[in-house]
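Trainee: Sharing a structure here in structure tokens format.
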Amino acid sequence: MKILEGRTALITGAGGGLGTAFVRALVAEGMNVAATDLDLGRAEAVAADYPADRVRPFHLDVTDFAEWARVADEAEAALGQIRLFVSNAGIGAGCIVAEDDPRRWKLVLDVNAYGPFLGCRTLLPRMLKRGDDSHIVFMASMAGLLSNPSLSSYDASKHALVGLAGSLRGELADGPVGVSLVLPGVIATEFTKLSQEVIGRVTGSTTRAQNVGALHQSGMDPNAVVRRVIAAIKAREYYVFTHADWRDRLQAAHDERIAAIGDSADPDWIDSFAGLDAAIRKNLEEAKLASGQS
Ligand SMILES: NC(=O)c1ccc[n+]([C@@H]2O[C@H](COP(=O)([O-])OP(=O)(O)OC[C@H]3O[C@@H](n4cnc5c(N)ncnc54)[C@H](O)[C@@H]3O)[C@@H](O)[C@H]2O)c1
């Protein structure tokens, strides 16, 4: 999406560290912004710095499908057709699997993976129907590619998000809607504190999350991350890595997996991918027929 000026974006988690940085940077690019958050007060605080026809705050719980439709309608009526969807809202908590609270584990999956799906399920049909160039940004994490002990809910949710983004990338290839998958390391926000508050409020869980709070104080400036993402939107880049210091760990994990591939479990079986590729082609053709796009 080369041109941002005069177009409209919807951002989830706009009241948090990265979300707020996105609002400010996209307004500076000339966009109108629907600043949505589970915590309306935080979204309102960001929007207060701008005229109502440029930035409008909305309550949006990303896990609520009905609310997605209502907010999309209201945002488009107030600010114009949504051309950029920044799926940014997220929560996380550290705990070992043997002790984690099931309500909290599920909530992290719901917010970080199911929420982005619901956003796409709401906004994508509108984008595709109009056929104008549009873009979706998924704020994932290096935790979507590499797992760490004591972070299972966060790791699983971001791996799921990477899976969603990858499927969508294939479905939308060469079409009007671009996709960017952002994979940052640690960023200087109040992520741990805000996550703790949301998890306590929504689940009533009092299980203490293990401390990774101090980590965020030494994280990267969110504005630097957002600048990089905006460049990626304009260039229609899929992979957006912001923390180059993760390269060696990622390489080591990749090497370990490749080295673990030995002979086929059934030496007489020839895998040509033909069956899988044919099934995928058929799915995509049927979807096009059903939507009248063929
Ligand atoms: N901070 C980091 O180190 C870091 C690193 C990599 C990726 N990320 C990802 O970047 C995104 C933004 O993180 P951040 O650091 O700005 O977090 P943050 O805690 O500062 O902000 C997150 C915002 O999401 C909102 N939110 C929580 N649950 C919600 C829900 N159900 N519906 C709508 N909004 C909800 C919160 O109210 C908050 O305003 C997240 O997806 C996070 O996983 C963060």
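Nothing in this text is a laboratory measurement; each read-out follows from the coordinates by a stated rule. Note that this is a predicted model, so its numbers are computed, not measured. Positions of Cβ are generated from backbone atoms using ideal geometry, with glycine treated the same way; all protein chains shown enter the neighbour counts.
Trainee: Would you pull out the residues with amide H under 5 Å of I187's amide H, same chain only if 5 or more places away, H placed 1.01 Å from N?
Mentor: Hits under the 5 Å cutoff: M220.
Trainee: ³J(HN,Hα) across the range 243-255 via Karplus (A = 6.51, B = -1.76, C = 1.60, θ = phi - 60°), whole Hz, x for Gly/Pro?
Mentor: For the range 243-255, the Karplus curve yields 10, 5, 5, 7, 4, 5, 5, 5, 4, 5, 5, 5, 4 Hz.
Trainee: Report the residue, chosen from V162, V202, V86, that carries the largest GNM mean-square fluctuation when the chain is represented by alpha-carbon nodes joined by springs under 10 Å.
Mentor: Highest fluctuation among the options: V202.
Trainee: At what distance in angstrom do the alpha carbon centres of the range 69-138 and the range 229-252 lie from each other?
Mentor: Distance between centres, Cα-based: 21 Å.
Trainee: Indicate, rounded to the nearest 5 percent, the antiparallel portion of the DSSP beta bridges found entirely in the chain.
Mentor: On the way: 1 of 29 bridges.
Antiparallel bridges: around 5 percent, rounded to the nearest 5.
Trainee: Structure shown: which of K129/K234; K2/K158; K106/K234 lie over 32 Å apart, alpha-carbon to alpha-carbon?
Mentor: Pairs exceeding 32 Å: K106/K234.
Trainee: Each label point is 7 Å from the Cα along the Cα-to-Cβ direction; what then is the distance between the points at R281 and E44, in nm?
Mentor: If labels sit at R281 and E44, their model points lie 5.6 nm apart.
Trainee: Okay, next question. Filter the GluC sites (Glu not before Pro) in the range 88-194 down to the DSSP loop ones having no more than 15 other Cβ atoms within 10 Å, then list what survives.
Mentor: Filter output for the range 88-194: E190.
Trainee: Next question, about the same structure. So if I restrict to the alpha-carbon atoms in the chain, what is the Rg, and what is Dmax, the biggest pairwise distance, in Å?
Mentor: Calculated on Cα positions, Rg and Dmax stand at 19.8, 68 Å.
Trainee: Right, here's the next one. Which residues in the range 216-231 place their backbone N less than 13 Å from a point set 7 Å from the Cα of E197 along the Cα-to-Cβ direction?
Mentor: No residue qualifies, since no backbone N sits under 13 Å from the label point.
Trainee: How large is the charge dipole for the range 8-249, taken about the Cα centre, if only the Cβ atoms of Lys, Arg (+1) and Asp, Glu (-1) carry charge, to the nearest 20 debye?
Mentor: On the way: 24 positive and 27 negative charges, 60 e Å.
Using only the charged Cβ atoms, the result is roughly 280 debye.
Trainee: How high is the relative contact order of the range 8-249? Use alpha-carbon pairs under 8 Å, at least six apart in sequence, and give a whole percent.
Mentor: Details: 462 pairs, mean separation 48.0, N = 242.
It rounds to 20 percent for the range 8-249.
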